Amino acid sequence: MTLKMNGDYFNALNNRNQYNQQEIQAMHDTVSNLMTISTTEHKPGILLGRIQSGKTRSFMGSIALGFDNGFEVVIILTKNSNALARQTYERLRQEFEVLMADDQVIAYDIMQLPQDLRQFELKKRIVIVAKKEKKNVERLTHALFNQYPSLANKQMMIIDDEADYASVVYEKDRDKNLTELKVIATQLDDIKRRVPTAAYLQVTATPYSLYLQPDSETLHARGYQPKRPAFTVLVPTFDAYVGGKFYFEQSKLNHPASYVYQPITDTELEILRKEDKRRAKPDYLLTSKNFIGLRAALINFIVGGNIRNLQQQHAGERLKKYAFIMHTITTKKAHMWQYELVQMIEQRLKILLQTDESAFQQLIKSSYTQFKQSTKAHYFPGIDDVYEAVKATFEEETLLITIVNSEQDVNQLLNHAGELNLRAPLNFFIGGQILDRGITIGNLIGFYYGRDPKKFQQDTVLQHSRMYGARPQEDLYVTRFYTTPRIYDVMERMHAFDEDLRYAFETGRNEGEVIFMMHDAHKDIVPCNPNKLLLSKVMTVKGKKRFLPVGFQTKRKTEMTSRMKQIDQQIESLRRYAIQQNANDNRHILVPVVRVIPILEEIMATLVMEEGYEWQIETYTSLLNYLSRLSANHTGYVWVITRDNRNISRYRQDGIRFADRPDNGQDELKQSYQYGTTHPTVMLLRQNGDIAQGWRGAPFYWPVIVAQTKLTTIVFEG
């Protein structure tokens, strides 16, 4: 679709932000898709970015471009967080400052929406920010359908920021044993249904619950609406972005990133979760093995921040303030205990400086030496200058230790730009959930992470990763990341899983279906809260795993005759398309997947599933299509192995359970493992279907799909 790309609204934001061509293309694709592809409350578009990678920048630009191309009202839904709602609103005011000054755009938080907007105001482009919270959504509903009903009739864009939060959640009502959408999600759906002309855009970096929703037929049958996206646009990653590649890939190379990760012990984490003064005696805080990680974290933060300030001073630049985050648990009691511990370590360092300066100096020198090894900066200050700066930190109290949690007034937490306020030169933040998802924390050079459940939810852990985002190269040289080896390993695997998802979109591998890498040998990662996938048919696919229909009967003999003749001809014709086959046995051929899928569809049309059994052909052909493109050159081929004259009984020996092993482990299954190392296999087993075996006296094919042997475990929802 041809869009107006030089309108007043988009030009105003482009002049302010100087978007590059990739960003402009993403904004164009987003708005174009919203205008040409039908997006509904159960089929929205999605803007997919990495954690803190510029998603807000991208959808703000898309709003402006949308205003130039017919959109009049934009609703931005944020996570249920005062801080994030405030951050979004402040960002909106900054981005549209010129347009708002020219009376072309007005913007409101829904809770401050005036009761007396006049017609001349309602004719402007309007942006409303609302938290995904019950009262906010109720106020939004009232504004759109009672207070200012003309808004609901305008061309509207609804942007669901952090879309996997509170937009798709299922929970079980124990009394009624029913599955119900949570209240907020239901309220949002009601708004979307009542504005049928609106375009819907979901924005997130953790889309797992969105893509893993069941199809519409499954949910409609149970009275629910699916949430799977109608299209996906990737947010381009800017040059200054630092993400998992730095922490988990470059760290394995001869690179400054190799110094970033600092392991901590499980014992240390355990002590930090609950007050235990027996193991945290002040006199031993600087020497106890129980606090090696926390002690190093505080010292390294002070030394690193001062190194950067000295470098800025040397370059004639304005001195920056720096931040450190400690996020291990959500309870407020634990935050108070950790606050007390960090303060005690700070006090013991002050005492050491006064009573044994040589010992204090040795601690600082050790940290300095590590930073010097990890830096490639053009200028690195000498130890004497750094030491004097560190001493000044303690003497002038330029280190601020702060608890950040939901008890505090958001106005005390955020600065005028809506970001976490850095009050002092060095800011050591201790907190929980409020430090995750969406909150921007500037100049972060230290992250102490200790959330350690038995099973890690990938979307939650990635949203906790506040160390991702725009970071100057010089800051990276003094950045440190503290966590246990187990958590680091989990986060490393999550990074690999997430990159595979993005690569699938970049290469076009995700066409019609979306996959997620998940469980490996550790079995300790799930894509998201299971309540978000309760109704979804999600499959774990491992190498050599078999997929086949079970619990069926064939159609009547009279109908089967003509159908089988056609299927036999289709299978015979496959040999014309073989690019590889066994020279001595033409029952093993490698053929294009597009030639096999129609045969599977024809075969399934001959089978009738018994009540309580199902085998959705669309799901399994999507899976086969995906598996066929996982080879190194994404070829789209599958091995087909055929056998005939089989006489398997419809039931197992007990006469009760349906048979589920039509394949011979010493013959065709063994061959599928041998041939299907990098490509999947489809076994087409021609059964005689004798009445004595429980069938209807007509031959039929029993298909079996086998995943290739060299397959990293994935989670698939087609």
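The values are calculated or read from the model by the stated rules, or taken from the named source; none is laboratory data. No experiment lies behind these values; they were computed from the predicted model shown. Heads up, the Cβs are rebuilt from the backbone with ideal geometry, glycines too, and the neighbour counts pull from every protein chain shown.
Identify the single condition in (1) at pLDDT below 85; (2) aliphatic (A, V, I, L, M); (3) buried (at least 23 other Cβ atoms within 10 Å of the Cβ) that VAL478 does not satisfy, given that it satisfies every other one.
That leaves (1) as the condition not met.
Can you pull out the residues in segment 459-472 that are in contact (Cβ under 8 Å) with a residue 60 or more places away in the chain, in a helix (DSSP H, G or I) and out of contact with any Phe, Trp or Tyr (no Cβ under 6 Å at 6 or more places or on another chain)?
Correct list: THR460, LEU462, GLN463, HIS464.
Residues being more than 17 Å from TYR468 (Cα to Cα), modelled with pLDDT of 85 or more and of a type outside the set (S, T, N, Q): count how many of those fall in segment 246-275.
12
As an exercise: evaluate PRO472 against (1) more than 17 Å from the chain's Cα centre (by Cα); (2) modelled with pLDDT of 80 or more; (3) crowded, with 19+ Cβ neighbours inside 10 Å and give the number of the one condition it does not meet.
With (1) more than 17 Å from the chain's Cα centre (by Cα); (2) modelled with pLDDT of 80 or more; (3) crowded, with 19+ Cβ neighbours inside 10 Å applied to PRO472, the lone miss is (3).
Report yes if some residue within segment 76-96 is over 20 Å from the mean Cα position of the chain (by Cα), among the polar types (S, T, N, Q) and at pLDDT 95 or above; otherwise report no.
No, segment 76-96 contains no residue that is over 20 Å from the mean Cα position of the chain (by Cα), among the polar types (S, T, N, Q) and at pLDDT 95 or above.
Just to be sure before I move on: is LEU444 over 22 Å from the mean Cα position of the chain (by Cα), buried (at least 20 other Cβ atoms within 10 Å of the Cβ) and at pLDDT 85 or above in the structure I sent?
no
Taking the condition of being in contact with a Gly (Cβ under 7 Å, 6 or more places away or on another chain) and either without any contact (Cβ under 8 Å) to a residue 12 or more places away in the chain or in a strand (DSSP E or B) (or both), how many residues in segment 571-612 meet it?
2
Among the residues of segment 251-285, what is the count of those that are surrounded by fewer than 18 Cβ atoms within 10 Å (Cβ to Cβ) and β-branched (Val, Ile, Thr)? Before the answer, list the steps.
Of all residues in segment 251-285, those surrounded by fewer than 18 Cβ atoms within 10 Å (Cβ to Cβ) come to 252-255, 258, 261, 263, 265-267, 270, 273-279, 281-284.
Now narrow it down to the ones that are β-branched (Val, Ile, Thr): 265, 267.
Count: 2.
Enumerate the helices (runs of 4 or more DSSP H) found wholly within segment 35-110, keeping only those where 1 or more residues are of a type outside the set (Asp, Glu) and within 22 Å of ASN421 (Cβ to Cβ). Walk me through it before giving the result.
Details: elements: 55-68, 82-95, 97-101.
Output list reads 55-68, 82-95.
Going by what's in this entry, would ASN645 be described as under 24 Å from ARG587 (Cα atoms), more than 42 Å from the chain's Cα centre (by Cα) and surrounded by fewer than 16 Cβ atoms within 10 Å (Cβ to Cβ)?
The answer is yes for ASN645.
What are the residues in segment 343-373 that are closer than 12 Å to VAL390 by Cβ and in contact with a Lys or Arg (Cβ under 8 Å, 6 or more places away or on another chain), if any?
LEU353
For (1) surrounded by fewer than 21 Cβ atoms within 10 Å (Cβ to Cβ); (2) not charged (D, E, K, R), each residue gets a yes or a no:
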{"site": "ALA85", "(1), (2)": "no, yes"}
{"site": "ASP103", "(1), (2)": "yes, no"}
{"site": "TYR108", "(1), (2)": "yes, yes"}
{"site": "VAL127", "(1), (2)": "no, yes"}
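Would you pick out the residues in segment 633-668 that are among the hydrophobic types (A, V, I, L, M, F, W, C) and in contact (Cβ under 8 Å) with a residue 40 or more places away in the chain?
Correct list: VAL638, TRP639, VAL640, ILE641, ILE648, PHE658, ALA659.
Could you list, in sequence order, all residues of segment 297-341 that are in a helix (DSSP H, G or I), without any contact (Cβ under 8 Å) to a residue 24 or more places away in the chain and closer than 23 Å to THR440 by Cβ?
Selection gives GLN312 alone.
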